[in-house]
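Okay, structure first, notes after.
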Amino acid sequence: MQIIIYISRAKQNFTSGDLADLRDLADARNRSEDITGLLLSDGTRFIQALEGDAAAVQTVMDRIAKDPRHNNISYFRPITTNYRQFGKWTTEYLDERDLCEGRGFFDCVMRHVADVECDSIKAAFIGFAALSLSR
Ligand SMILES: Cc1cc2nc3c(=O)[nH]c(=O)nc-3n(C[C@H](O)[C@H](O)[C@H](O)COP(=O)(O)O)c2cc1C
């Protein structure tokens, strides 16, 4: 099982509706490729984990990387695991603006990564959420 995690910056203003459309598209496409993961947005940045067969994950990542709606993509070191870390969701998506201000988003992210076994993946998502607290 290969896991790719990246952070990027939104190039345009994503409304909650835009993000819901993106989630629906990603959910359908990823489901057909047996890819699971988690996508978070704090309004200006994204963090996404994609996990599944290595070739399938790379194909989706190549497509996402070409998407003109975001840039400044930074990748975490690719992770190989025996088990899915986000098996509950195809592409679960959290938008800070749909949740309570500040701590609400942080707490929500903490709940979402509670079952993730790999510490470095947990740390990536918790760090992203912690940065949103300081904005
Ligand atoms: C932040 C972000 C995350 C995305 N995540 C996914 C994803 O998980 N799966 C996916 O198929 N497309 C995702 N997309 C959309 C793809 O970039 C692309 O628009 C979509 O797959 C359609 O590609 P196509 O027009 O080449 O078929 C994402 C786009 C952005 C901006």
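The values are calculated or read from the model by the stated rules, or taken from the named source; none is laboratory data. Here the structure is a predicted model, which means the values were calculated and not measured. Here the Cβ positions follow ideal geometry from the backbone for every residue, glycine too, while neighbour counts run over all protein chains shown. To get the accessible areas, we keep the full protein, side chains included, count just its heavy atoms, and leave off ligands, DNA and RNA. Shrake-Rupley method; radii C 1.70, N 1.55, O 1.52, S 1.80 Å.
Details
- Among the conditions (1) under 24 Å from Ala130 (Cβ atoms); (2) surrounded by 15 or more Cβ atoms within 10 Å (Cβ to Cβ); (3) not basic (Lys, Arg), the only one that Thr44 does not satisfy is (2).
- Odd one out for Ser74 among (1) of a type outside the set (A, V, I, L, M, F, W, C); (2) more than 15 Å from the chain's Cα centre (by Cα); (3) not in a helix (DSSP H, G or I): (2)
- Exactly one residue among Gln85, Gln48 is polar (S, T, N, Q), away from the ligand (no atom under 11 Å from the Cβ) and at pLDDT 90 or above, and that residue is Gln85.
- When every residue of region 29-37 is checked against the conditions, none turns out to be charged (D, E, K, R), touching a His at 6+ places or on another chain (Cβ under 9 Å), open to solvent by 50 Å² or more (accessible area, probe 1.4 Å) and over 14 Å from Phe128 (Cβ atoms).
- Residues (buried (at least 18 other Cβ atoms within 10 Å of the Cβ) and either of a type outside the set (D, E, K, R) or modelled with pLDDT of 90 or more (or both)) located in region 10-28: Ala10, Phe14, Leu19, Leu22, Ala26
- Residue that is nearest to Met1 (Cα to Cα), among those in region 100-121 that are modelled with pLDDT of 85 or more and open to solvent by 40 Å² or more (accessible area, probe 1.4 Å): Glu117
- Taken residue by residue, region 7-24 has no member that is part of a strand (DSSP E or B), away from the ligand (no atom under 12 Å from the Cβ) and in contact (Cβ under 8 Å) with a residue 40 or more places away in the chain.
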